[in-house]
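**Q** First the structure, which I've put down as structure tokens, then a few questions once you've had a look.
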Amino acid sequence: MIWEVFRQENAGEYHTHCGNVHAPDAEMAKLFAQIQHGRRKPTHSLWVVPQPEVHEVDDEDTAFGGTTDKSYRWAVTYDVDASFAQEVADSEREQEEAARSRGDD
Amino acid sequence: MDVEEVKERAGPREFSPADDMPEEYRKAATRMIQFHANSEIMGAYLERPFVRQSPSLERKLAFSAKVQDEIGHGQLLYRAAESLGVKTRDEMLEELANGEGKFLNCFHYPMDSWHETPMIAFFVDGAAMRRQATLKKTSWEPYAHAMDKVCFEEGFHVKHGEHILAELAQGSKKDQEKLQEAFDEWWPRILQFFGPTDDKSTHHDFAADVGLKQMSNDELRNAFLNAYVPKARKYGLEIPEYPRIEENDDGTWKVREDDLDWDEFFTVAKNDYEGSHEQIGKRHDTQEAVEWVRDVLDDHEQRPMGGAGPAAAD
Ligand SMILES: [Fe+2]
Ligand SMILES: [Fe+2]
């Protein structure tokens, strides 16, 4: 059986997918994941998940975020100043970064 | 882990469901996150009628997107609360519907006119965002992760709220009057958003000691004033004489806490205010009306192949 492996570098961070291992059961999968993925890079925790339990939907199956113009749901659309509050400015910047990596503009 | 060790280790995102947390921590975190989740839901219900009452298509789209976001925040937060193993989501939703669940003071008051919408969408969302930004450093990791997504989205709410405020402030004389009226009514409630002053707050000490809470109510309220009083002035809003707002020597602001009506606040906090019954009642009725949906999903989950079949598109 194949097990997908998710690694978290430090407490509090997100577990992110880093690969997979062959193993007969969860105990062995945890052991192999440690050896494969937990030794060289900083590791606080690993998750192993049986591959058949991972279900996928991708951008061929669906249009993530819809197909119509949704600019009304982005902070940058509204021409009022965001710099008066750090947290509002941060949110706007994060949204702009996300828009860029989605290739929106 | 015992409470002493929790206090020693308490830091941003320090504890997760993999840790064996003492009951006192799990209960305090549940109380805090459940309150937060309930508030997202009740805020969404307060604003929902304005999807229909929006004056333009742009506003309608934005308002419906915002209400949808808030319901999503509620769902994220119920998951974060559930991860403490004290209450299930069903239990928390049931408590909200039957009047046991507590939520933010501002959402106990009816909102009738479009001119009131920036009071929530700008000032209350702004206050909430100020607080939520500090909660990215809470010690319960799933709560902090929920805050990452919530704060990502909230910038839109606050800027959209300010956009409505700006439009009304530059509108007709009548618009400006109605805006000022709404502000006079909502301003004291907004100041109480952050909860009782530190010396009256019952839960602060423990929540701060174990890293759940990062800033005290008073610190948050003052930080909010520093950013939002200048905004209110910019749009020609007159700050009501009471509660008295005082300028510190360094140009920052603070409120005379004794000028606020804490009796009303604590009545609201117990869900005993007039509006409390009305808002909770509406939520209760809606919850009941869609019970069949939850039942269908539960049946489906209990069937042997339930959940493992092909996922339906949404
Ligand atoms: Fe929210
Ligand atoms: Fe919001």
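**Q** Could you go through the stretch A:94-103 and let me know if any residue there is facing chain B (nearest Cβ under 7 Å) and touching a residue at least 24 places away in the same chain (Cβ under 8 Å).
**A** Step one: filter the stretch A:94-103 for residues facing chain B (nearest Cβ under 7 Å), giving A:94-95.
Pick out the ones that are also touching a residue at least 24 places away in the same chain (Cβ under 8 Å) and you get none.
Checking the stretch A:94-103: not a single residue is facing chain B (nearest Cβ under 7 Å) and touching a residue at least 24 places away in the same chain (Cβ under 8 Å).
**Q** Take the residues in the stretch B:2-35 that are of a type in the set (A, V, I, L, M) and touching a residue at least 24 places away in the same chain (Cβ under 8 Å); name whichever of them is nearest to B:ASP205 (Cα to Cα). Break it down stepwise before answering.
**A** Going through the stretch B:2-35, the residues of a type in the set (A, V, I, L, M) turn out to be B:3, B:6, B:10, B:18, B:21, B:28-29, B:32-33.
With the extra rule that they be touching a residue at least 24 places away in the same chain (Cβ under 8 Å), the set shrinks to B:3, B:6, B:10, B:21, B:28-29, B:32-33.
Working: B:VAL3: 13, B:VAL6: 14, B:ALA10: 13, B:MET21: 18, B:ALA28: 11, B:ALA29: 13, B:MET32: 13, B:ILE33: 16 Å.
Going through the qualifying residues, I end up with B:ALA28.
**Q** Somewhere in the stretch B:243-257, is a residue closer than 22 Å to B:MET129 by Cα, open to solvent by less than 20 Å² (accessible area, probe 1.4 Å) and among the hydrophobic types (A, V, I, L, M, F, W, C)?
**A** As a first pass, look at the stretch B:243-257 and keep what is closer than 22 Å to B:MET129 by Cα: B:245, B:252-255, B:257.
Filter again for open to solvent by less than 20 Å² (accessible area, probe 1.4 Å), leaving B:255.
Now narrow it down to the ones that are among the hydrophobic types (A, V, I, L, M, F, W, C): B:255.
Among the residues of the stretch B:243-257, at least one is closer than 22 Å to B:MET129 by Cα, open to solvent by less than 20 Å² (accessible area, probe 1.4 Å) and among the hydrophobic types (A, V, I, L, M, F, W, C), which makes the answer yes.
**Q** Please state which one of A:GLU87, A:GLU4 is touching a strand residue (DSSP E or B) at 6+ places or on another chain (Cβ under 7 Å), open to solvent by less than 60 Å² (accessible area, probe 1.4 Å) and of a type in the set (Asp, Glu). Even if it seems obvious, please write down each step before you answer.
**A** Values: A:GLU87 fails: touching a strand residue (DSSP E or B) at 6+ places or on another chain (Cβ under 7 Å).
Among A:GLU87, A:GLU4, only A:GLU4 is touching a strand residue (DSSP E or B) at 6+ places or on another chain (Cβ under 7 Å), open to solvent by less than 60 Å² (accessible area, probe 1.4 Å) and of a type in the set (Asp, Glu).
**Q** Give me the pairs: first residue in the stretch B:152-167 and free of Cβ contacts under 8 Å to residues at least 24 places away in the same chain and away from ligand 2 (no atom under 13 Å from the Cβ), second residue of a type in the set (Ser, Thr, Tyr) and open to solvent by 10 Å² or more (accessible area, probe 1.4 Å), beta-carbon distance under 9 Å, and six or more apart or on different chains, which are they?
**A** Between residues of the stretch B:152-167 that are free of Cβ contacts under 8 Å to residues at least 24 places away in the same chain and away from ligand 2 (no atom under 13 Å from the Cβ) and residues that are of a type in the set (Ser, Thr, Tyr) and open to solvent by 10 Å² or more (accessible area, probe 1.4 Å), the close pairs are B:HIS163/A:THR77; B:HIS163/A:TYR78.
**Q** If you don't mind, another one. Filter the stretch A:7-54 for residues that are of a type in the set (Lys, Arg) and in a loop (DSSP other than H, G, I, E, B); which is least open to solvent (accessible area, probe 1.4 Å)? Spell out how you get there, then give the answer.
**A** Going residue by residue through the stretch A:7-54, those that are of a type in the set (Lys, Arg) are A:7, A:30, A:39-41.
If we keep only those that are in a loop (DSSP other than H, G, I, E, B) too, we end up with A:39-41.
Values: A:ARG39: 169, A:ARG40: 216, A:LYS41: 120 Å².
The extreme case among them is A:LYS41.
**Q** Among the candidates B:ASN98, B:ASN38, which residue alone is within 16 Å of ligand 1 (Cβ to nearest atom) and touching a residue at least 60 places away in the same chain (Cβ under 8 Å)? I'd like the intermediate steps shown before the answer.
**A** Working: B:ASN98 fails: within 16 Å of ligand 1 (Cβ to nearest atom).
Answer to the check: B:ASN38.
**Q** While we're here: Can you name the condition, by its number, that B:ALA208 falls short on among (1) under 25 Å from B:PRO118 (Cβ atoms); (2) open to solvent by less than 40 Å² (accessible area, probe 1.4 Å); (3) more than 14 Å from chain A (Cβ to nearest Cβ)?
**A** Of (1) under 25 Å from B:PRO118 (Cβ atoms); (2) open to solvent by less than 40 Å² (accessible area, probe 1.4 Å); (3) more than 14 Å from chain A (Cβ to nearest Cβ), only one is false for B:ALA208: (1).
The values are calculated or read from the model by the stated rules, or taken from the named source; none is laboratory data. Keep in mind it's a predicted model, so treat the numbers as computed, not measured. Neighbour counts run over all protein chains shown; Cβ positions are idealised from the backbone, glycine included. Accessible surface is based on the protein model in full, side chains and every heavy atom, while ligands, DNA and RNA are left aside. Shrake-Rupley method; radii C 1.70, N 1.55, O 1.52, S 1.80 Å.
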